[in-house]
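Asker: Dropping a structure here in structure tokens format, bear with me for questions.
Just so it is clear, none of the values below were taken in a lab; they were calculated from the coordinates. Keep in mind that what you see is a predicted model, and the values were worked out from it rather than measured. Here the Cβ positions follow ideal geometry from the backbone for every residue, glycine too, while neighbour counts run over all protein chains shown.
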Amino acid sequence: MSILVILEQRGNLKICGLEAASASRKVAEASGMTLNALYLGRAFDENPSVLAGLGISTLYAYENEDLHYYSNERYVHILCELARELEAKVIVCPATAVGKELCASAAARLQIELAQDCVALDWNETLKAVKPIYAGKVISDVSFSKLPGLVSLRPNTAAIERRGEDLPAIVRRDMPLIPARSTILEVAEAMSGYVDLTEAKIIVAGGRGIGGPENWPVLQDLCEALGAALGASRAAVDAGWIDASHQVGQTGKVVCPDLYIACGISGAIQHLAGMRTAKIIVAINRDPEAPIFQFCDYGIVGDLLEIVPKLAGEIRNRRTN
Amino acid sequence: MIIAVLIKHVPDTASVLTISDDGKSLTLNGIKFVMNPYDEFAVEEAILLRERLGGEVVAVCAGPPESKETIRTALAMGVNSGVLISGTEQLAGRGLSMALAAGLATLSPDVIFAGKQAVDSDGSQISERVAELMGIPHASCITRFELKDGKAEVIREVEGGHYHLSFELPALFTTQKGINTPRYPTLPNIMKAKRATIKELSLSDLQIEPALLESELLVERLAPARRERRRQLIAGEPLAQVQKLYRSLQEEDKVL
């Protein structure tokens with residue numbers, strides 16, 4: 001009986017996989033099960049200290065140049081084979097774009113249930129999870145009446161906790177890959193230093209109130225000062241001011257940062273749905289009646305084109321002093 | 001070419017939701033239902049493909065009888081026919097995907113489109129499971145679809161980048177915002193949709209192993225996501241405002 005956690009990589013191990021391992025360790029301790037981990041990618045050559053103290057007993061590293069980029073068919077095949085071999089009762093994966101797809105396919109192949117995009121895991125006689133539904137308007141406590149069960153965990157919801165410096169044993173496996181019916185023609189990767197919305201610790205987002213696309217540089221400068229990702233409201237996307245991949249909200253991305261700075265965003269219910277789990281929300285808006293002021297921790301009523309550059313300046317000043 | 005599209009009848013995203021007395025379900029009476037917004041992109045993409053290559057688009061929906069309204073919306077947008085799979089309300093992800101896969105298998109589709117997730121359950125799993133059960137490859141969250149030399153070429157978004165992939169058919173794709181702009185139903189199509197016959201399949205028609213229809217994921221409790229925010233307005237001159245904000249974020253909240 002064991003728990004299997006999937007450590008996602010993009011060249012290096014991603015933070016969200018280590019978060020999933022930490023959340024899984026708690027389940028392992030409460031249930032008395034062993035925690036194992038799965039890595040798929042090029043030869044695993046990271047400093048093992050990245051896995052120190054996470055409570056992982058064995059890391060199964062499937063190493064193949066052709067596993068560097070995600071292939072649904074190949075990843076699902078390996079995950080399901082390993083889950084069966086280890087008799088995994090609980091499988092945990094980060095709820096990233098790739099992770100969610102992998103979980104859904106694996107759940108179908110293993111004929112088990114899946115709770116997708118959970119924000120907490122627990123064990124009390126069986127696996128339990130907390131899952132937002134209706135774009136986060138409702139929180140659902142779910143429990144698995146039978147195991148194995150599969151859960152994906154939303155990035156930024158669990159802290160990475162290390163105890164001691166124990167390292168996992170590493171079992172390296174290099175096996176022939178199954179043929180796939182899909183081929184990768186090209187992978188476009190973001191520039192280094194790029195922060196994705198769903199994994200960002202800080203997000204600066206703009207809405208109709210920024211006035212026009214010519215004002216994005218004002219927000220981008222604040223992003224740069226903070227190491228933040230840039231988000232947008234549906235209104236800004238639908239106006240054609242920015243690409244849909246930046247949209248936060250019901251038809252965009254659901255985000256969970258430590259800090260969300262909403263600039264010129266009125267706060268429609270569909271937008272709140274995408275960012276309501278942010279730890280701290282700051283609203284900057286000219287309209288004191290904007291609904292966002294009912295849903296923020298700090299509000300500044302004023303002209304964002306004046307406030308935002310001053311905030312960026314203040315951050316840079318403090319950091320250099 | 002047969003193009004299938006999976007659609008779902010869901011509460012409008014602006015709905016105010018109330019939790020029932022049992023604490024495990026929602027009171028959905030009096031709430032406006034619509035086609036799942038992501039499914040509109042799937043319907044549009046299916047119709048665009050038919051317009052280029054000919055063939056037939058079939059909308060498939062699992063849910064209560066009222067779901068026919070959403071099938072009629074799809075018909076009014078231009079799909080050729082609709083199938084309702086009824087009696088699926090109590091199913092969890094495993095059972096529901098088996099029902100849909102069995103229903104779809106009767107159509108032998110060449111391409112299946114679906115929205116990337118349903119905005120009620122936010123499950124993001126049914127379509128991918130359906131592909132797996134039908135033994136066909138798939139990609140989630142695509143923002144571009146093209147058919148080239150009998151193969152589907154798609155752009156699939158991932159965090160901070162995208163994959164350009166090529167698929168043998170049949171295959172399933174889930175769509176998201178950015179792929180197209182869904183059309184509005186036309187008046188003649190709305191009239192035609194009202195009169196259209198919608199084929200109905202029940203779970204028992206689909207001959208699925210009963211044990212696999214059993215839900216193994218139980219809802220123990222639902223709670224409204226109410227989180228009290230401080231709603232602290234910072235007054236003063238702009239420079240004083242940002243200095244105060246910075247101090248609070250750094251010293252009290254420790255998020256900087």
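Asker: What relative contact order, as a whole-number percentage, does chain A give when Cα pairs under 8 Å and 6 or more residues apart are counted? Could you put the intermediate results ahead of the total?
Answerer: Working: 698 pairs, mean separation 46.2, N = 321.
RCO, chain A: 14 percent.
Asker: Now for a different question. Note down the relative contact order for chain B as a percent, whole number, built from C-alpha pairs under 8 angstrom at least six residues apart.
Answerer: Working: 486 pairs, mean separation 59.3, N = 256.
Reported as a whole number, the value is 23 percent.
Asker: What FRET efficiency, computed as 1/(1 + (r/R0)^6) with R0 = 56 Å and r the Cβ-Cβ distance, is obtained for residue B:247 and residue B:19, rounded to the nearest 0.05?
Answerer: Working: r = 39 Å, r/R0 = 0.70.
After rounding, the FRET efficiency stands at 0.90.
Asker: Using the structure shown, list the pairs from A:100/A:279; B:177/B:254; A:146/B:177; A:128/B:68; A:128/A:279 with a Cα-Cα distance above 26 Å, or answer none.
Answerer: On the way: A:100/A:279 23 Å; B:177/B:254 35 Å; A:146/B:177 36 Å; A:128/B:68 35 Å; A:128/A:279 23 Å.
In this structure, B:177/B:254; A:146/B:177; A:128/B:68 exceed 26 Å between Cα atoms.
Asker: Normalised radius of gyration for the stretch B:122-199, please: alpha carbon Rg relative to 2.2 N^0.38 Å, two decimal places. Each step should come with its number before you reach the end.
Answerer: On the way: Rg = 15.8 Å, N = 78, 2.2 N^0.38 = 11.5 Å.
Normalised by 2.2 N^0.38 Å, the Cα Rg of the stretch B:122-199 equals 1.37.
Asker: Loop only by DSSP, 15 or fewer other Cβ within 10 Å of the Cβ. Give me the trypsin sites (Lys or Arg not before Pro) in the stretch B:173-202 that pass, ordered by residue number.
Answerer: Working: sites: B:177, B:183, B:192, B:194, B:195, B:199; in loops: B:177, B:183.
Qualifying residues, ordered by number: B:183.
Asker: Then there is this: If you line up the Cα atoms of chain A on their principal axes, what length do they span on each, largest first, in Å?
Answerer: 60, 44, 40
Asker: What is the mean number of Cβ atoms from other protein chains located within 10 Å of the Cβ atom of each residue in peptide A:213-226, rounded to a whole number?
Answerer: The shielding value for this peptide is 0.
Asker: Could I ask something else about it? Which of B:84, A:188, A:241 sits closest to the plus end of the dipole of the protein assembly as shown, meaning its Cα is farthest towards the positive end, when Lys and Arg get +1 and Asp and Glu get -1 on the C-beta?
Answerer: The Cα lying farthest towards the positive end belongs to A:241.
Asker: If you don't mind, another one. I'd like the orientation of helix A:216-226 relative to chain A: the angle between its Cα long axis and the longest Cα principal axis, in ° from 0 to 90, rounded to 10.
Answerer: 60 degrees
Asker: For helix A:72-85, report the angle its Cα long axis makes with the longest principal axis of the Cα atoms of chain A; keep it between 0 and 90° and round to the nearest 10°.
Answerer: 50 degrees
Asker: May I ask what percent, to the nearest 5, of DSSP beta bridges between residues of chain B are antiparallel? Could you put the intermediate results ahead of the total?
Answerer: Numbers: 18 of 45 bridges.
So the antiparallel bridges in chain B amount to around 40 percent.
Asker: At 1.306 mPa s and 10 °C, plugging the Kirkwood radius over alpha-carbon pairs of chain B into Stokes-Einstein gives what diffusion coefficient in µm²/s? All intermediate terms of the calculation are to be shown ahead of the outcome.
Answerer: Values: Rh = 20.3 Å.
Once the numbers are plugged in, D ends up at 78 µm²/s.
Asker: Still on this model: May I ask for the net charge around residue A:281, where only other residues with Cβ less than 11 Å from the Cβ of residue A:281 are counted and Lys, Arg are +1 while Asp, Glu are -1? Could you put the intermediate results ahead of the total?
Answerer: Numbers: positive: A:276, A:279, B:227, B:229, B:230, B:231; negative: A:258, A:297, B:253.
Counting the neighbours of residue A:281, the net charge comes to +3.
Asker: Determine the distance separating the Cα centre of the stretch B:191-256 from the Cα centre of the stretch B:67-95; give it in Å without decimals.
Answerer: 23 Å
Asker: Something else about it: Could you identify which residue out of B:67, B:124, B:25 has the top mean-square fluctuation in a GNM of chain B using Cα springs shorter than 10 Å?
Answerer: B:25
Asker: Give me the percent of DSSP beta bridges within the protein assembly as shown that run antiparallel, rounded to the nearest 5. It would help to have the intermediate numbers written out before the result.
Answerer: Details: 45 of 123 bridges.
For the protein assembly as shown, the DSSP antiparallel bridge percentage is about 35.
Asker: If you restrict to DSSP beta bridges whose two residues both lie in chain A, what percentage is antiparallel, to the nearest 5? Write out the running numbers ahead of the final one.
Answerer: Working: 13 of 62 bridges.
So the antiparallel bridges amount to about 20 percent of the total.
Asker: Suppose the chain between residue B:56 and residue B:1 were pulled fully straight at 0.36 nm per residue; how much longer would it get relative to their current alpha carbon spacing?
Answerer: Length gained between residue B:56 and residue B:1: 19.2 nm.
Asker: Once R0 is set to 45 Å, what does the formula 1/(1 + (r/R0)^6) return for the Cβ-Cβ distance between residue B:12 and residue B:168, expressed as a FRET efficiency to the nearest 0.05? Kindly include the intermediate steps, with their values, before the conclusion.
Answerer: Details: r = 38 Å, r/R0 = 0.84.
That gives a FRET efficiency of 0.75.
Asker: Under 5 Å between amide hydrogens, which residues at least 5 positions from residue B:60 or on another chain qualify, with H placed 1.01 Å from N in the peptide plane?
Answerer: Close amide H contacts, sequence-distant or interchain: B:5, B:6, B:7, B:83.
Asker: Taking the Cα centre of the protein assembly as shown as the origin, how large is its charge dipole in debye, to the nearest 20, when only Lys and Arg (+1) and Asp and Glu (-1) carry charge on their Cβ atoms?
Answerer: Numbers: 60 positive and 72 negative charges, 189 e Å.
Once rounded to the nearest 20, the dipole reads 900 debye.
Asker: Another question, then. What nm distance separates the two modelled labels at residue B:197 and residue A:180, each placed 7 Å from Cα along Cα→Cβ?
Answerer: Placing both labels 7 Å along Cα→Cβ, they lie 4.5 nm apart.
Asker: Between the stretch A:18-79 and the stretch B:1-66, what's the alpha-carbon centroid distance in Å?
Answerer: Taking the Cα centre of the stretch B:1-66 as reference, the centre of the stretch A:18-79 is 36 Å away.
Asker: For chain A, find the longest principal axis of its Cα atoms and tell me its angle to the long axis of helix A:15-31, 0 to 90°, nearest 10.
Answerer: For helix A:15-31, the angle is close to 50 degrees.
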